[in-house]
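Undergrad: Quick one: this structure, given as structure tokens, is what I'll be asking you about.
The values are calculated or read from the model by the stated rules, or taken from the named source; none is laboratory data. Everything numeric here is computed off the predicted structure, so don't read it as measured data. Cβ placement follows ideal geometry from the backbone for every residue including glycine, while neighbour counts extend to all protein chains displayed.
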Amino acid sequence: MTDQQRPSATVIDAIIPTNPLAAFSCYIGIASVVLCFFGIILGPLAIVLGVLGLKKWKAQESSYGATTSKIRAWIGIVTGALGTLISIPAIVSVVSNY
């Protein structure tokens, strides 16, 4: 598909996810950072969903909303990794105080 045939991105593209795996990865990754004690569970889940979302994006690279899906998948991977890394010292510090 050429650039002239590809529909342009709009606000609706940012609101309505065209790749649910990427959207869930993004949301779960952000939750893993905010809820740091659950990051040990949510972080790896966000990473896996982000990788699956990127694979789905590769298959549908020319579809409407592909750029937003790619960005959401990478946000999920990065925030999932950060949430995991933040949760480990937080859990260790809580457990060591008991």
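Undergrad: Output the residue which, of all residues in segment 40-81 that are in a helix (DSSP H, G or I), out of contact with any Leu (no Cβ under 8 Å at 6 or more places or on another chain) and modelled with pLDDT under 90, is surrounded by the fewest Cβ atoms within 10 Å (Cβ to Cβ).
TA: Per the stated criteria, the residue is Ala59.
Undergrad: Look at Thr67 and say whether it is in contact with a Pro (Cβ under 7 Å, 6 or more places away or on another chain) and in contact (Cβ under 8 Å) with a residue 12 or more places away in the chain.
TA: On the way: in contact with a Pro (Cβ under 7 Å, 6 or more places away or on another chain): no; in contact (Cβ under 8 Å) with a residue 12 or more places away in the chain: yes.
No; evaluated as a whole, the condition is false for this residue.
Undergrad: If I ask for residues that are farther than 20 Å from Ile86 by Cβ, of a type in the set (A, V, I, L, M) and assigned to a helix (DSSP H, G or I), which ones from segment 15-39 would you list?
TA: Across segment 15-39, the qualifying residues are Ile15, Leu21, Ala22, Ala23.
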